[in-house]
Structure formats: C-alpha cells, structure tokens
Amino acid sequence: MIELIVSLIAITLQTSTPLLLASIGECIVERGGILNLGIEGAMLIGAFTGFIGAYFTKNLLIGLLSSIIGGIIIVLIFGFLVIKMNLDQVISALAINLLSYGICIYFFRMIFSQGSFPYLSELFSPIPIPFLSEIPIIGAILFNQTIFVYIALIIIPILHYLMFKTRYGLSLRAIGENPSIAYRLGINVSEIRYIALIIEGALVGMAGGAICLSMFNVFDTRITAAKGFIAVSIVILGRWNPIGVLGGALLFGFAEALSLWVGTLIIGPISASISQLLSILPYLVTIIALLIGGRKAKGPASLGASFSRE
Amino acid sequence: MSSLKLLGLYRALFAIILTFLITSIFFIMSNTNPILAYYYIFVGAFGNINLIIETFVRATPILIISLGLAISFRCKVWNIGAEGQLYMGAMLGTITAIVLGESYFTFPIAFIMSLIGGALWASIPAFMKSKLGINEVITTFLMNFISINFIQWLLAFPFKSPETLFPESDRIPNSSILPILIPYTRMHLGIIIAFLLILPLIHFIITKTTFGFKLKAIGENPEAARYAGIDVEKILFLALVISGALAGMAGFIEVAGIQFRMRPTISPGYGYTGIVIALLGQNNPIGIALASIFIAAIINGSSTMSRMLNQPQGIVDFIQGLLIIFVLASDYILKYMSRRGLIKL
C-alpha cells in the first residue's frame with residue numbers, strides 16, 4: 001500500500017511539473033499586467049520544437065533547448081501583438097493559440113510524411129541524486145526525478161526572489177498596478193514586459209518539452225490538452241504568488257495523477273470505462289476550484305488592460 | 001456602403017492576401033507551384049454543382065456557430081467553448097430523437113433540446129463570468145474537454161449502438177432526419193435553415209433590437225453602458241448562453257442532416273473555426289456568411305489540393321491561424337505602410 005501511495009505522489013510530481021513551469025511563467029507576466037492566455041499554444045509549440053530537435057539530433061538536451069527557443073518565439077510574437085501593436089490581449093492570445101495549432105499540425109506533416117509515426121527512442125530518465133535518493137520514501141519521491149522536476153523546484157525560489165527582492169521585480173509589479181504611473185516614473189514599461197515574456201516563453205516552452213521529452217515519446221497536437229489554461233487557472237487560485245502557484249500546481253497535478261493511477265488499479269471489463277470517465281477529472285477539478293476559489297481573486301490592477309504611451 | 005463597413009471588408013481582404021502570400025512561400029519551399037495549389041483549392045470547392053453544394057454543407061455548421069459567437073464577441077465575451085457546446089447540443093438532441101422514436105414532433109422537440117443542451121452547457125461559464133467575475137476564456141475552453149471526453153464515454157459505453165463496431169449512437173429515427181432538397185446530393189434542409197432563417201434572424205437581433213444595441217454598447221464601453229442603466233451582467237450572461245444554444249443547434253443539424261448518428265468525431269474543430277470566421281467577418285452577419293463560405297471552401301478545396309499535389313492535410317489550420325493574426329494586425333500594418341508612404345489611406 002505504501003508503495004502505491006509513493007508511486008502516486010511520484011506521478012503527481014511528474015504531472016505537476018509542466019503545470020508548475022507554465023504557471024510560474026504566467027505568474028511573472030501577469031504581475032506585469034499582461035494576461036497571456038496564449039500559453040496553451042506556446043506550450044504546444046515547445047513540445048513540437050522539442051520533439052523535432054530531439055528527434056533529428058538524437059540528443060534530448062538539444063530537444064530541451066529547442067523547446068525553450070520555440071516557446072520564447074511564440075510568446076514574443078504575442079508580446080509584439082499586445083505591446084507593440086497594442087492589440088486586445090485576449091483576442092491576440094486566441095490568435096496565437098490557433099496559429100500555434102496550425103503550425104504544429106501543418107509542419108509536423110510537412111516534415112514527417114502522412115501515415116508515418118515518428119517516435120523518440122529514449123526519454124529523459126530520472127536522475128537519482130546521490131545519498132538523498134536513498135532516504136526511505138521521501139528519497140524515491142523527491143530525489144529520483146527527471147531534470148524537469150528539479151528545474152521546476154529550483155526555479156520557484158529564484159523567481160520569488162526576482163519578483164519580490166529585486167529592482168526589476170519592483171518595476172514589474174509597479175507596471176502591473178499602474179503602467180501609466182510607472183511610465184511617468186521613468187520605468188521602461190515595454191522592456192520590463194518583454195523580459196518577463198521571455199522568461200515566460202522559456203518556462204512554457206520547457207513545460208511543453210517536459211510533456212514531450214519525459215512523459216510521452218511521440219508528438220500529437222492533443223498532447224497539451226488544455227494544460228496552458230489550467231496553468232492560468234493555477235495563477236488565479238495561487239493569488240499571483242509563486243508559493244501559491246506551487247500549491248495549485250501540485251493540486252492539479254494530483255488530480256491528473258489520480259486519474260491515471262486509478263485507471264491502472266482497476267482491472268476487468270469496467271476498467272476501460274472508468275479510466276475514460278476519469279480523464280475528465282483534471283478539468284472538472286479546475287472548474288470546481290475556480291468556482292470556489294476564483295470568486296474574490298483580485299489580480300494586479302492593470303491586468304489585461306491595454307497601455308500606450310500616448 | 002458606409003466607409004466603416006468598407007474598412008471591415010478591406011481588413012478582411014488584406015488579411016486574406018497576406019495569408020496567401022505567406023502560404024505561397026511554404027508551397028514554393030515544398031516544391032509546389034502556389035498558383036496550381038490555389039487553383040486546385042478553388043476547383044475542389046467550386047468545380048461543379050456537387051462540389052458547390054458540399055461547400056455549403058461544410059459552411060452550414062460553422063455559419064450557425066459563428067453567428068452565435070458574433071453575439072457574444074460583440075459584447076467582448078470570448079466564448080471559446082463552442083466546440084463543447086456543439087457536442088452537448090448534438091448529444092442531447094440525438095438522445096431525445098432516439099427516445100421519442102418515429103413521430104411528427106420528434107424533430108422539433110429534438111431540435112429544441114439541442115438548443116437547450118448547448119445553452120445549459122454555456123450557462124455554467126456564463127454564471128461564473130457574470131456573477132463571480134471568472135474569466136470565460138478559461139472556463140469555456142476547459143469545459144470543452146469535460147464535454148467531449150464525457151460524450152466519448154457516453155458513446156463508448158451507455159449509448160453505444162449495438163449495431164456497429166464504433167463508439168457511436170443508434171441511428172436517429174427517420175422522422176427526425178432533415179429532408180434532402182436535391183436528390184443524390186447532401187443538400188439538406190439545414191443549409192436553408194442556416195442561411196435563410198438563422199442568418200437574417202441574427203442580423204435582425206444585432207441591428208434592430210435593443211438587445212443588439214446593448215451588446216454593442218457594452219462592447220464599446222461597459223462602464224458607460226452600466227451608467228446608462230444597462231444590466232451588464234444580465235446581457236453578458238444572455239450573450240454567452242445564446243451563443244451556446246446556436247452551437248448546440250449546429251451540432252444537431254450536423255447529426256440530422258449529415259451523420260444520422262451521434263459520433264465522437266462529429267466536429268473536426270468547428271467551434272474553433274467559428275472563432276476565426278467571427279473575427280474575419282468582423283462580427284457582422286453578412287461578413288460572417290461570406291467568411292464561412294470562404295473558410296468552408298478552403299477546408300474542402302484544400303483536401304482536394306492535398307490529394308492532387310501530395311501536400312500535408314493540416315494546411316487548413318495553418319491558413320486559419322495566419323488569417324486570424326493578420327485580421328488583428330491589419331490596422332497596424334496598414335497604418336505603418338501609410339506612414340512610410342507605401343500606400344495612401
């Protein structure tokens with residue numbers, strides 16, 4: 001029984017990781033007043049470029065790097081639409097999501113001919129940390145994970161520091177509250193926002209890479225399955241705070257892990273039926289959580305509003 | 001035609017031209033003559049009377065969906081859950097038709113139930129938006145996954161037809177099937193319902209009713225609308241629910257006109273295509289009707305083109321993605337070009 005629970009928690013960490021990476025990135029950008037609902041598409045592109053990179057070089061680290069670059073490019077296109085062109089953030093994000101989907105589905109079949117099923121021969125395997133991974137129970141959960149889990153766990157305190165203890169973080173939060181005043185105080189609004197978007201792009205792209213390079217070894221346009229939108233919900237429920245975001249990501253990762261885990265436990269004729277029904281669980285949990293916890297959520301004051309210097 | 005309407009048309013045409021230019025680059029990169037590619041797309045969509053009918057068959061569900069989306073987009077409610085609402089409407093309509101069996105009132109009741117199915121499904125995010133202030137983009141999108149996964153389960157287990165090997169429902173009774181208007185084609189009554197009934201109706205609602213006026217007022221400035229005494233929350237709720245009802249209707253018309261069974265593959269992303277069409281048509285019913293025929297032509301034509309020129313199938317989605325970006329960016333690009341003296345506005 002203990003082994004089962006340990007495996008459930010270990011799966012939870014794995015399924016939480018893409019959510020954690022994406023939502024921490026979204027948290028930074030939203031602190032600067034930009035609502036980026038296009039991370040669903042950026043994550044998909046990250047998975048796609050990560051897959052392509054790893055497939056052709058047979059090197060997973062290059063795959064990871066290309067997923068980061070893919071994510072940054074897509075998020076920067078979004079940044080160009082909303083910062084430079086000053087377009088509505090929500091429609092721009094919808095456009096980015098549809099474009100990303102179109103790019104993936106078209107270029108995947110342009111690169112690999114119709115009917116072929118390319119797959120990666122290896123995935124990122126867990127890296128046991130010497131000594132620590134041998135601690136009973138906790139060792140197997142925390143210290144025998146893939147590179148993505150470690151990156152996600154390390155990045156939380158770093159970004160928390162960046163947001164609350166640095167001059168950059170102060171400027172970012174000032175912009176999030178009121179970009180006009182921040183601008184008049186001499187803060188370069190566009191530059192600060194672009195930097196936040198680049199950080200987000202890297203993290204969201206990496207989240208896509210984590211799905212493609214450590215969980216599945218194939219690419220499919222359904223691979224992200226609304227994880228970007230769940231990540232945005234996590235930011236709301238985590239009240240725009242990295243620590244809250246960590247809690248939220250673990251909760252939703254648990255819902256996803258549970259739906260996978262219960263499906264493997266049940267055997268017999270009803271197992272297919274039960275696991276299909278359980279695939280709803282992560283989405284249902286998100287909606288219910290928003291219904292309960294989204295009510296009095298107050299984000300940065302200028303979140304989603306457009307800003308131009310004129 | 002007023003200059004403002006003309007501007008909308010220019011915007012759409014500009015986006016279409018830019019999109020075709022970009023896709024041409026990729027055609028050339030894959031050793032395909034772009035002119036030949038567009039020729040096959042055109043022939044595949046309008047080459048003979050049967051192909052023209054097929055284009056209208058394709059345009060029907062996406063027209064109904066995007067007309068509904070126009071209502072919600074007009075007051076800046078971004079319903080991206082039409083896909084899930086379509087499935088809910090189609091499923092509820094199908095179950096109703098099967099339960100009622102052969103009778104005169106099977107079709108009308110099933111039809112109304114499909115509207116209710118879509119509306120009820122949309123009412124959850126509508127409630128969360130208007131009462132709790134929760135972003136509808138997140139909730140409508142997440143609910144697509146609940147709806148579609150749940151319906152896949154319904155069709156694989158409780159409602160699976162024993163007659164077939166696939167996860168699909170029983171055939172709906174003949175009396176609930178939309179009649180074919182031209183023999184040996186798929187020209188069904190639903191096409192007429194969409195273009196000659198729903199289209200004028202939505203046009204009337206948007207341009208001639210106080211509800212339509214309120215949508216516009218809220219879209220332009222919600223605070224001013226509230227100040228003018230409009231119950232903003234109520235209108236936002238209604239707009240989302242109406243767009244859900246229309247998506248549900250589109251789903252059932254697809255069942256009753258084309259598929260005759262509820263299937264998990266009933267919509268290849270029509271709910272998302274509807275977003276592109278509503279934006280390309282600038283939330284204007286006439287623009288949307290033209291845009292839905294245009295996109296339907298591209299969907300049908302590009303499958304012919306893919307077969308003839310051995311091109312990947314996903315080009316449609318790529319074109320839609322580019323179109324929506326360029327529609328949004330068109331004002332900026334046109335202004336930029338006129339500032340540089342490249343064009344005169």
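Within the set of pairs 6 or more residues apart or between chains, which connect a residue that is within 11 Å of chain A (Cβ to nearest Cβ) inside the range B:109-133 to a residue that is surrounded by fewer than 20 Cβ atoms within 10 Å (Cβ to Cβ) with Cβ atoms less than 6 Å apart?
B:L132/A:R295
Could you check how many residues of the range A:109-122 are at the interface with chain B (Cβ under 7 Å from one of its Cβ atoms) and within 26 Å of the chain's Cα centre (by Cα)?
1
Looking only at the range B:63-108, count how many residues are more than 14 Å from every other protein chain (Cβ to nearest Cβ) and assigned to a helix (DSSP H, G or I). Please lay out each step first, then the result.
At the first step, the residues of the range B:63-108 found to be more than 14 Å from every other protein chain (Cβ to nearest Cβ) are B:63-65, B:67-68, B:71, B:85-86, B:89-108.
Of the ones still in play, those that are also assigned to a helix (DSSP H, G or I) are B:63-65, B:67-68, B:71, B:85-86, B:89-100, B:106-108.
Residues in the range B:63-108 being more than 14 Å from every other protein chain (Cβ to nearest Cβ) and assigned to a helix (DSSP H, G or I): 23 in total.
Which condition does B:I182 not pass, out of (1) surrounded by fewer than 17 Cβ atoms within 10 Å (Cβ to Cβ); (2) not in a loop (DSSP other than H, G, I, E, B), if it passes all the others?
(2)
Please enumerate the residues belonging to the range B:309-344 that are at the interface with chain A (Cβ under 7 Å from one of its Cβ atoms) and at pLDDT below 85.
Once the filter is applied, which keeps residues that are at the interface with chain A (Cβ under 7 Å from one of its Cβ atoms) and at pLDDT below 85, the range B:309-344 yields only B:Q313.
Tell me whether the range A:151-160 contains one or more residues that are touching a strand residue (DSSP E or B) at 6+ places or on another chain (Cβ under 9 Å), away from every other protein chain (no Cβ under 14 Å) and surrounded by fewer than 22 Cβ atoms within 10 Å (Cβ to Cβ).
Yes: one or more hits.
Just for the range B:134-143: of the residues that are in contact (Cβ under 8 Å) with a residue 60 or more places away in the chain and not aliphatic (A, V, I, L, M), which one is nearest to the other protein chains (Cβ to nearest Cβ)? Spell out how you get there, then give the answer.
Within the range B:134-143, the subset in contact (Cβ under 8 Å) with a residue 60 or more places away in the chain is B:136, B:140-141, B:143.
Pick out the ones that are also not aliphatic (A, V, I, L, M) and you get B:136, B:140-141.
Numbers: B:E136: 9, B:T140: 10, B:F141: 5 Å.
Here the answer is B:F141.
Can you name every residue in the range B:216-275 that is small (G, A, S), closer than 15 Å to B:R74 by Cα and within 13 Å of the chain's Cα centre (by Cα)?
B:S243, B:G244, B:G274
Name the pairs: first residue in the range B:264-275 and over 18 Å from A:I96 (Cβ atoms), second residue modelled with pLDDT of 95 or more and of a type in the set (D, E, K, R), Cβ to Cβ under 6 Å, at least 6 apart or on different chains?
Taking only residues 6 or more apart or on different chains, the pairs are B:I266/B:E254.
Can you tell me which of A:F56, A:F48 is within 14 Å of chain B (Cβ to nearest Cβ) and either touching a Leu at 6+ places or on another chain (Cβ under 6 Å) or over 18 Å from A:I198 (Cβ atoms) (or both)? Spell out the reasoning first.
Values: A:F56 fails: within 14 Å of chain B (Cβ to nearest Cβ).
Being within 14 Å of chain B (Cβ to nearest Cβ) and either touching a Leu at 6+ places or on another chain (Cβ under 6 Å) or over 18 Å from A:I198 (Cβ atoms) (or both) holds for just one of A:F56, A:F48, which is A:F48.
Before we move on, is B:R11 at pLDDT below 95, assigned to a helix (DSSP H, G or I) and buried (at least 18 other Cβ atoms within 10 Å of the Cβ)?
Details: at pLDDT below 95: yes; assigned to a helix (DSSP H, G or I): yes; buried (at least 18 other Cβ atoms within 10 Å of the Cβ): yes.
Against the criterion (at pLDDT below 95, assigned to a helix (DSSP H, G or I) and buried (at least 18 other Cβ atoms within 10 Å of the Cβ)), B:R11 qualifies.
Residues B:E136, B:E54: which one is among the acidic types (D, E) and farther than 22 Å from A:E40 by Cα? Give the derivation first.
Working: B:E136 fails: farther than 22 Å from A:E40 by Cα.
The match here is B:E54.
On the given criteria, is B:A247 crowded, with 21+ Cβ neighbours inside 10 Å, among the aliphatic types (A, V, I, L, M) and within 21 Å of B:P108 (Cβ to Cβ)?
Here the answer is yes, as B:A247 does meet what is asked.
Give A:I39, A:I69, A:I77 a once-over and let me know the one that is surrounded by fewer than 24 Cβ atoms within 10 Å (Cβ to Cβ), touching a residue at least 24 places away in the same chain (Cβ under 8 Å) and not basic (K, R). Spell out how you get there, then give the answer.
Working: A:I39 fails: surrounded by fewer than 24 Cβ atoms within 10 Å (Cβ to Cβ); A:I77 fails: touching a residue at least 24 places away in the same chain (Cβ under 8 Å).
Step by step, each of A:I39, A:I69, A:I77 is checked, and only A:I69 is surrounded by fewer than 24 Cβ atoms within 10 Å (Cβ to Cβ), touching a residue at least 24 places away in the same chain (Cβ under 8 Å) and not basic (K, R).
Being outside any loop (DSSP other than H, G, I, E, B) and of a type in the set (K, R) is the filter; apply it to the range B:316-345 and report the residue that is farthest from the chain's Cα centre (by Cα).
Step one: of the range B:316-345, the residues outside any loop (DSSP other than H, G, I, E, B) are B:316-339.
Then keep just the ones that are of a type in the set (K, R); that gives B:335, B:339.
Numbers: B:K335: 30, B:R339: 36 Å.
Checked the range B:316-345; the qualifying residue farthest from the chain's Cα centre (by Cα) is B:R339.
Exactly one condition in (1) in contact (Cβ under 8 Å) with a residue 12 or more places away in the chain; (2) crowded, with 16+ Cβ neighbours inside 10 Å is not met by A:P128; state its number.
Failed condition: (2).
Which condition breaks for B:I180 when tested against (1) farther than 19 Å from B:F56 by Cα; (2) free of Cβ contacts under 8 Å to residues at least 24 places away in the same chain?
That leaves (1) as the condition not met.
Against the condition crowded, with 23+ Cβ neighbours inside 10 Å and either within 14 Å of chain A (Cβ to nearest Cβ) or among the polar types (S, T, N, Q) (or both), how does B:G271 come out, does it pass?
Values: crowded, with 23+ Cβ neighbours inside 10 Å: yes; either within 14 Å of chain A (Cβ to nearest Cβ) or among the polar types (S, T, N, Q) (or both): yes.
Answer is yes for this residue.
Check whether at least one residue in the range A:226-238 is of a type in the set (K, R) and touching an Asp or Glu at 6+ places or on another chain (Cβ under 9 Å), and report yes or no. I'd like the intermediate steps shown before the answer.
Just the residues of the range A:226-238 that are of a type in the set (K, R), to begin with: A:227.
Those still in the list that are touching an Asp or Glu at 6+ places or on another chain (Cβ under 9 Å) too: A:227.
Yes - at least one qualifying residue is present in the range A:226-238.
Got a sec? Which of B:I286, B:I253 is of a type in the set (V, I, T), away from every other protein chain (no Cβ under 14 Å), over 29 Å from A:I45 (Cβ atoms) and surrounded by fewer than 22 Cβ atoms within 10 Å (Cβ to Cβ)? Step through it out loud before you land on a result.
Values: B:I253 fails: surrounded by fewer than 22 Cβ atoms within 10 Å (Cβ to Cβ).
Checking each option against the conditions leaves just B:I286.
The values are calculated or read from the model by the stated rules, or taken from the named source; none is laboratory data. Just so it is clear, the structure is predicted and the values come from calculations on it, not from any experiment. Neighbour counts run over all protein chains shown; Cβ positions are idealised from the backbone, glycine included.
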